[in-house]
Amino acid sequence: MNKGRTFLAFKNSVIAGFVTLLNFPIQFINRFFMIRYLGITYLGLTSLYANIIGVLSLADLGIGTAIVFMLYKPLGEQDVEKVSVLMKYYRNIYRCIALIILVLGICVIPFLKFFIGKSIDYPHVYLLFIIYLLGAVSSYFFSYNQSLLYADQRNNIVSWINLIVNYIMLTIQIMTVLFFKDPLLYAILFVFSNFITNIFLSIYVRKNYSIKLTKKSLDKSEKKLLLQNVIGNGFLRISGVIVTGTDSILLSAFAGIIQVGIYANYVTIVNVIQRFMIQVIGAITGSIGNFITNKNSRDGKILFYNLQFINFILVNIACLGIYFLINDVVLLWIGKKYILCNLNVFLIAISFYFMNYRMLGWNFVSVYGLSRYMKIFSINEIIANVALSLIFLVVFKLKLTGILLGNIFSTLFTVMWQDPYIIFKKGFHTTTKKYFKRYIYNLFILGLEFIVIGFLAVLSEKLLTDPITRLIIMGIIIIIVGSVMPISFYLKTSEFRYLLTLIKKIKGDFN
């Protein structure tokens, strides 16, 4: 990576991570007031509705990712005409998608009672769903402008605008809960935040990019490439939603809305961590896109291993933090009665690890334009996840434990090995032998860390009586062990040398 690209990627990563952390406290404060004044049933309903809307949103078929892939080259060449054509396609397609989601959502309304259950007596359940549906539909207007900024490595603009809007809207939500205790007004403020963010981003894009109205269209080869990537990304998106987006739907049907609400608190914390990782790792996607236009497949493979090492350090620390800290966070946040058992917490942490270890691979699939090869693998993941989840839920009656086991095993049996197979065969034109050696090696390191930190956790419970002090101390221990141990195992590798070189480059850019 050259100096400018290195610094820009680092700048995006730092800003994205910092903004995500700034969003963290206001979301937790907001959720505290929501549970206290609107109840756990409301939380369960809104979590269920968010999952249903997520399934309906499959209509976008990964078009955004495909457009970003095609924007790299014209942005790099400052081809205003081609960028304008792509943005026109994106805008028109998303308007159609918004209409499709609205129609599908209306069709779902008569069937809500099968997911909610007859025992739930909560006012305005149908009107609440309509609000969530309209919020999802509105989010597709102007959202195409975000893709332009991501492709141009201007992630920091999206992060800052999103932060400001979130703080304003969430503050208003808290005031609404305190003074009116109106679940409908709260929902309106929540679901339309994305729409407001997109409006401000659109204003920024119009002022800073020379996007113009054009009657030109893509040529046949470009349309074919776009269609191939849209289909591939569509299957990836479908599998992602089936694996993670249907959890609340299945849990509601087999365990009840209250269980959905309790699990939703953990999902909130995990999502904050995941957004942080996605922002940090995803911030370099544009850099990868620029890199592969000027390098060969061997250089791309080397870059993948180097970045995978950084990704492993991050996901490893996050996994450890989830298992050893999340129950303490929930206890201090909303109380003991909302805590899950240690087994389920462990499964949440492991599921997070397996899912997000693949995160960097998603970026390489995107920027290498490999989505068209992912169709059959995505179908395999869908079938495995649904089948395994239903077996654990219906046959073994495991409820939340069954949902989590279904997610973990479906990942291990399918995309855990299928994703790297496509990346290495079609992108790097080589085998995955080294990749899986690293995979097992990293799992071994993670296992050692669990043992070391587990011993220190038991010791801290005996020595530290104050829960806040113990939480802080354990957090520091997890960051130190989770960073130092992987680095110590990689000291003599090219990955570690890359990390040192990257740090020196970033330091030099600042100087």
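The values are calculated or read from the model by the stated rules, or taken from the named source; none is laboratory data. All values derive from a computational prediction rather than experimental measurement. Neighbour counts run over all protein chains shown; Cβ positions are idealised from the backbone, glycine included. Each accessible area value is taken on the protein alone, full model and side chains, heavy atoms only, with ligands, DNA and RNA left out. Shrake-Rupley method; radii C 1.70, N 1.55, O 1.52, S 1.80 Å.
Within the range 61-80, take every residue that is open to solvent by 50 Å² or more (accessible area, probe 1.4 Å) and assigned to a helix (DSSP H, G or I) and give me the one that is modelled with the highest pLDDT. Top of the filtered list is Val80. Restricting attention to the range 390-437, the residues that are open to solvent by 20 Å² or more (accessible area, probe 1.4 Å), assigned to a loop (DSSP other than H, G, I, E, B) and touching a helix residue (DSSP H, G or I) at 6+ places or on another chain (Cβ under 7 Å) total 7.
Filtered by the rule that a residue be in a loop (DSSP other than H, G, I, E, B) and surrounded by fewer than 19 Cβ atoms within 10 Å (Cβ to Cβ), the range 340-354 gives a lone residue, Cys341. Exactly one residue out of Ile503, Ile480, Ile440, Ile473 is open to solvent by 60 Å² or more (accessible area, probe 1.4 Å), assigned to a helix (DSSP H, G or I), among the aliphatic types (A, V, I, L, M) and at pLDDT below 95: that is Ile503.
When Ser147, Ser210, Ser217 are checked against the criterion of being open to solvent by 80 Å² or more (accessible area, probe 1.4 Å) and under 19 Å from Lys73 (Cβ atoms), Ser210 stands alone in meeting it. Being at pLDDT 80 or above, among the basic types (Lys, Arg) and buried (at least 18 other Cβ atoms within 10 Å of the Cβ) is a property that holds for Arg154. The condition of being modelled with pLDDT of 85 or more and surrounded by fewer than 22 Cβ atoms within 10 Å (Cβ to Cβ) holds for only one of Ile130, Ile120, that being Ile130. For Gly321, the stated conditions do not hold, so it cannot be described as at pLDDT below 90, buried (at least 20 other Cβ atoms within 10 Å of the Cβ), out of contact with any Asp or Glu (no Cβ under 9 Å at 6 or more places or on another chain) and over 15 Å from Phe424 (Cβ atoms).
In a residue-by-residue description of the range 265-287, the property of being within 26 Å of Val158 (Cα to Cα), modelled with pLDDT under 65 and either aliphatic (A, V, I, L, M) or in contact with a Gly (Cβ under 8 Å, 6 or more places away or on another chain) (or both) applies to at least one position. Note on the range 450-499: residues that are farther than 18 Å from Asn327 by Cβ and of a type in the set (Asp, Glu) total 1. For the range 185-195, the condition holds for at least one residue, the condition being that it is farther than 21 Å from Phe32 by Cα and not aliphatic (A, V, I, L, M). Scanning the range 74-108 for residues that are more than 16 Å from Asn145 (Cα to Cα) and without any contact (Cβ under 8 Å) to a residue 40 or more places away in the chain gives Glu77, Gln78, Asp79, Cys96, Leu99, Leu102, Val103, Ile106, Cys107.
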